[in-house]
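A.B. asks: Can you read through this structure? Questions will come right after.
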Amino acid sequence: MNFIQTRGVDSAKSEKVTFSEAILSPIASFGGLYVPESLPDLGEEFLNKHLNSSYKELAKDMLSRFEIDIDSAVIDEALQLYDKFDDASNPVPVVKVKENLYISELYHGPTRAFKDMALQPFGVVLSSIAQRLNQNYLILAATSGDTGPAALETFKNRKNIKVACLYPDGGTSDVQRLQMVTEDAANLKVIGINGVFDDAQNALKRLLASESFKKALHEKDTKLSAANSVNFGRIIFQIIYHIHSYLELVRQDAISMGEKVYLNVPSGNFGNALGGYYAWKMGLPVEKIIISSNENNVLTRLIRDGKYDLRDSKVIGTTSPAMDILKSSNVERVLYDLFGEARTKELMESLETEHMYELNAVELKKLREYFDADFCIGAEGKKYIKETFENYNYLMDPHTATCMKSYETCSKPEIKTIAYSTAEWTKFSPVIANALTGEVDTKDIKALESISQVAHLEIPAMIKELFTKEIAQKTVIEKENIEEEILKFL
Ligand SMILES: *Cc1c(COP(=O)(O)O)cnc(C)c1O
């Protein structure tokens with residue numbers, strides 16, 4: 001299958017590219033994104049066929065329907081990384097919290113957050129393409145805390161790949177920062193920036209589009225790619241777990257085959273939600289996708305009022321920092337799917353020049369056939385964390401907690417919900433400790449211990465070790481100096 005472009009075609013890029021090409025240079029004509037030419041239609045036959053499949057069998061078959069230009073042996077090697085998750089036989093447990101509410105836990109991978117779901121296999125795929133082409137690639141990653149550790153973990157010591165990872169200094173949890181700065185493989189460079197996540201992401205987008213930067217890399221015999229969630233090589237792995245979670249509910253006798261469910265997704269850059277949207281379009285029985293946000297509620301406003309308006313918006317630092325995002329990149333792929341390339345180009349250009357776009361009434365109605373949304377502020381989130389723990393003995397992180405609000409406000413109670421849990425409690429422990437016990441200003445290490453006591457949970461060894469490991473990555477710079485720093489590393 002080939003990939004086409006959300007904003008149409010300029011004269012510089014070819015009209016269609018292969019999966020490998022879309023992975024290697026994810027930015028398409030006019031700054032748009034690559035999307036599959038069509039989505040495979042799986043239908044109920046596919047769901048029935050995989051009712052008793054393992055996660056890997058399901059994944060393998062789903063990927064094969066996309067007919068991508070990656071060897072089957074490479075796909076097998078990539079999917080084997082799910083064996084490193086807590087339970088190799090079920091890397092994504094789906095847990096019943098209460099009547100009609102199920103939580104699909106996407107955080108059982110090596111860095112304890114859902115980015116592993118896509119980045120673990122993606123690392124194998126990308127490295128194999130680079131080796132096949134006998135080229136060296138620099139992967140740029142911008143992270144608000146979870147992409148960075150997951151990207152470093154997957155590319156560590158992989159052939160033909162170097163990674164430069166930008167994070168907002170002070171904008172991540174201690175555990176997330178330690179997961180990055182204790183990585184000491186020679187092919188990895190971690191760079192803290194004095195700024196917020198959008199600064200890191202904007203710097204990344206600028207570098208990806210910069211001809212002079214590409215030229216400087218060329219002199220070092222290196223090409224440029226990105227591991228951010230605009231990369232379709234990540235999105236494709238995020239369709240699988242939505243289908244898996246649905247089949248889990250069927251297996252648990254919670255629903256019958258064909259019954260529609262809500263997918264409730266804590267959203268930032270919209271990769272997770274887009275995976276659900278594609279799964280739906282491919283035949284998964286979905287009632288609606290519910291988009292949960294924090295105080296940075298641009299997506300709630302878009303889905304409710306049809307306006308993507310950043311004119312008076314500034315990123316607000318919240319207790320769910322992986323969702324502190326204003327420009328939610330993957331929304332563009334939904335715009336394309338619903339409204340076509342000409343309109344997508346118009347809307348996205350308006351966002352760039354006017355800092356806003358507005359859907360017309362017909363478009364908004366169409367968007368709302370698929371999505372509903374609400375947002376949850378930090379204090380409410382903490383209340384949900386405490387209540388859900390006390391009433392149902394289920395401990396969730398502050399990102400997952402945003403789903404509890406929209407679950408109450410957006411869903412009909414008789415329809416079952418799959419909400420996605422995107423991080424383990426260990427990654428955002430000070431907020432969770434505060435929610436459970438009221439303690440304030442605790443550092444991660446103290447918070448982990450107090451949660452461990454209150455909730456009778458073991459701190460996983462890989463988290464404990466972080467606090468005694470040597471800091472290998474010490475660079476923190478102004479955003480103006482990023483390019484220079486990366487070239488120095490190469
Ligand atoms: C990345 C992330 C999100 C947001 O996911 P998107 O796919 O960017 O919408 C939510 N929660 C956590 C913990 C994350 O790491």
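A.B. asks: What number of residues within the stretch 477-490 are open to solvent by less than 100 Å² (accessible area, probe 1.4 Å) and in a helix (DSSP H, G or I)?
C.D. replies: Residues that pass the stated criteria total 8.
A.B. asks: Next question, about the same structure. Does the stretch 112-125 contain any residue that is among the acidic types (Asp, Glu) and touching a helix residue (DSSP H, G or I) at 6+ places or on another chain (Cβ under 7 Å)?
C.D. replies: Looking only at the stretch 112-125, we keep the residues that are among the acidic types (Asp, Glu), and these are 116.
The next check asks that each one be touching a helix residue (DSSP H, G or I) at 6+ places or on another chain (Cβ under 7 Å); those that pass are 116.
Checked against the condition, which is being among the acidic types (Asp, Glu) and touching a helix residue (DSSP H, G or I) at 6+ places or on another chain (Cβ under 7 Å), the stretch 112-125 yields at least one hit.
A.B. asks: Tell me, which residue of the stretch 274-283 that is buried (at least 19 other Cβ atoms within 10 Å of the Cβ) and either near the ligand (Cβ under 6 Å from one of its atoms) or over 15 Å from the mean Cα position of the chain (by Cα) (or both) is nearest to Ser229 (Cα to Cα)?
C.D. replies: Going through the qualifying residues, I end up with Ala279.
A.B. asks: Right, something else. Step by step: first the residues of the stretch 250-267, then only those that are open to solvent by 10 Å² or more (accessible area, probe 1.4 Å) and of a type in the set (Gly, Ala, Ser), then the one that is farthest from the ligand (Cβ to nearest atom). Which residue is that?
C.D. replies: Once the filter is applied, the top-ranked residue is Ser256.
A.B. asks: In addition: So, of the residues in the stretch 84-111 that are in contact with a strand residue (DSSP E or B) (Cβ under 7 Å, 6 or more places away or on another chain) and part of a loop (DSSP other than H, G, I, E, B), which turns out to be farthest from the ligand (Cβ to nearest atom)?
C.D. replies: Per the stated criteria, the residue is Asn100.
A.B. asks: Which pairs turn up if I take residues in the stretch 353-365 that are at positive phi and look for partners that are of a type in the set (Gly, Ala, Ser) with beta carbon separation below 9 Å, at least 6 apart in sequence or on another chain?
C.D. replies: His355/Ser313
A.B. asks: Please determine, by comparing only the residues of the stretch 284-311 that are open to solvent by 10 Å² or more (accessible area, probe 1.4 Å) and assigned to a strand (DSSP E or B), which one is nearest to Lys366 (Cα to Cα).
C.D. replies: Lys288
A.B. asks: Look at Phe339 and say whether it is aromatic (Phe, Trp, Tyr), over 30 Å from His456 (Cα atoms), more than 23 Å from the chain's Cα centre (by Cα) and assigned to a helix (DSSP H, G or I).
C.D. replies: Considered against the rule, which asks whether it is aromatic (Phe, Trp, Tyr), over 30 Å from His456 (Cα atoms), more than 23 Å from the chain's Cα centre (by Cα) and assigned to a helix (DSSP H, G or I), Phe339 comes out as yes.
A.B. asks: I'm checking my understanding of the structure. Among residues of the stretch 145-163 that are in contact (Cβ under 8 Å) with a residue 60 or more places away in the chain and either charged (D, E, K, R) or surrounded by fewer than 24 Cβ atoms within 10 Å (Cβ to Cβ) (or both), which one is nearest to the ligand (Cβ to nearest atom)?
C.D. replies: Among them, the one singled out is Asp146.
A.B. asks: For the stretch 314-330, what are the residues that are of a type in the set (A, V, I, L, M, F, W, C), at pLDDT 90 or above, surrounded by 18 or more Cβ atoms within 10 Å (Cβ to Cβ) and in a loop (DSSP other than H, G, I, E, B)?
C.D. replies: Across the stretch 314-330, the qualifying residue is only Leu326.
A.B. asks: Looking at the stretch 338-369, which of the residues that are under 12 Å from Leu33 (Cα atoms) and not basic (Lys, Arg) is most open to solvent (accessible area, probe 1.4 Å)?
C.D. replies: It comes out as Glu341.
A.B. asks: If we scan the stretch 74-94, do we find a residue that is crowded, with 16+ Cβ neighbours inside 10 Å, of a type in the set (A, V, I, L, M), closer than 15 Å to Met117 by Cα and in contact with an Asp or Glu (Cβ under 8 Å, 6 or more places away or on another chain)?
C.D. replies: Yes, the stretch 74-94 contains a residue that is crowded, with 16+ Cβ neighbours inside 10 Å, of a type in the set (A, V, I, L, M), closer than 15 Å to Met117 by Cα and in contact with an Asp or Glu (Cβ under 8 Å, 6 or more places away or on another chain).
A.B. asks: Output the residues belonging to the stretch 16-56 that are within 17 Å of Arg333 (Cα to Cα), in a loop (DSSP other than H, G, I, E, B) and either open to solvent by less than 10 Å² (accessible area, probe 1.4 Å) or of a type in the set (Asp, Glu) (or both).
C.D. replies: Once the filter is applied, which keeps residues that are within 17 Å of Arg333 (Cα to Cα), in a loop (DSSP other than H, G, I, E, B) and either open to solvent by less than 10 Å² (accessible area, probe 1.4 Å) or of a type in the set (Asp, Glu) (or both), the stretch 16-56 yields Pro26, Ala28, Gly32, Glu37.
A.B. asks: Is there any pair with a first residue in the stretch 205-232 that is over 15 Å from Pro26 (Cα atoms) and small (Gly, Ala, Ser) and a second that is modelled with pLDDT of 90 or more and part of a strand (DSSP E or B) whose Cβ atoms are under 8 Å apart and which are 6 or more apart or on different chains, and what are they?
C.D. replies: Matching pairs, first to second residue: none at all.
A.B. asks: Also, quick follow-up: Among the listed residues Thr475, Thr442, Thr468, identify the single one that is over 23 Å from Phe114 (Cβ atoms) and in contact with a Pro (Cβ under 6 Å, 6 or more places away or on another chain).
C.D. replies: On the way: Thr475 fails: in contact with a Pro (Cβ under 6 Å, 6 or more places away or on another chain); Thr468 fails: in contact with a Pro (Cβ under 6 Å, 6 or more places away or on another chain).
Going through Thr475, Thr442, Thr468 in turn, the sole match is Thr442.
A.B. asks: Quick check on my filter: what residues within the stretch 1-37 are among the small types (Gly, Ala, Ser) and closer than 22 Å to Ser229 by Cβ?
C.D. replies: Matches in the stretch 1-37: Ser20, Ala22, Ser25, Ala28, Ser29, Gly31, Gly32.
A.B. asks: Could you check Thr172 against (1) open to solvent by 10 Å² or more (accessible area, probe 1.4 Å); (2) assigned to a helix (DSSP H, G or I) and say which number it fails?
C.D. replies: (2)
A.B. asks: Could you grab me the full set of residues in the stretch 117-165 that are at pLDDT below 95, β-branched (Val, Ile, Thr) and more than 21 Å from Leu79 (Cβ to Cβ)?
C.D. replies: Result: Thr143, single match.
A.B. asks: I need the full set of residues from the stretch 64-76 which are in a helix (DSSP H, G or I) and more than 12 Å from Phe122 (Cβ to Cβ), in order please. If you could, list the steps in order and put the result at the bottom.
C.D. replies: We begin by selecting, within the stretch 64-76, every residue in a helix (DSSP H, G or I); these are 64-65, 72-76.
Within the stretch 64-76, Ser64, Arg65, Ser72, Ala73, Asp76 qualify.
A.B. asks: Tell me the helices (runs of 4 or more DSSP H) entirely within the stretch 386-476 that contain at least 1 residues that are open to solvent by 80 Å² or more (accessible area, probe 1.4 Å).
C.D. replies: Filter on the stretch 386-476 gives 398-410, 444-455, 461-464.
A.B. asks: Within the stretch 60-73, which residues are at negative phi and open to solvent by 10 Å² or more (accessible area, probe 1.4 Å)?
C.D. replies: If the condition is that a residue be at negative phi and open to solvent by 10 Å² or more (accessible area, probe 1.4 Å), then Lys60, Asp61, Ser64, Arg65, Ile68, Asp69, Ile70, Asp71, Ser72, Ala73 are the ones that fit.
A.B. asks: Another question about this same structure. Does Ser229 satisfy being hydroxyl-bearing (Ser, Thr, Tyr), within 21 Å of His108 (Cβ to Cβ) and more than 13 Å from the ligand (Cβ to nearest atom)?
C.D. replies: Answer is no for this residue.
A.B. asks: In the stretch 199-224, what residues are in a strand (DSSP E or B) and open to solvent by 60 Å² or more (accessible area, probe 1.4 Å)?
C.D. replies: Lys223
The values are calculated or read from the model by the stated rules, or taken from the named source; none is laboratory data. Everything numeric in this text was worked out from a predicted model, so none of it was measured. Note: ideal-geometry Cβ built from the backbone for every residue, glycine included; neighbour counts use all protein chains shown. Note: accessible area is taken over every heavy atom of the protein model, side chains too, but ligands, DNA and RNA are not part of it. Shrake-Rupley method; radii C 1.70, N 1.55, O 1.52, S 1.80 Å.
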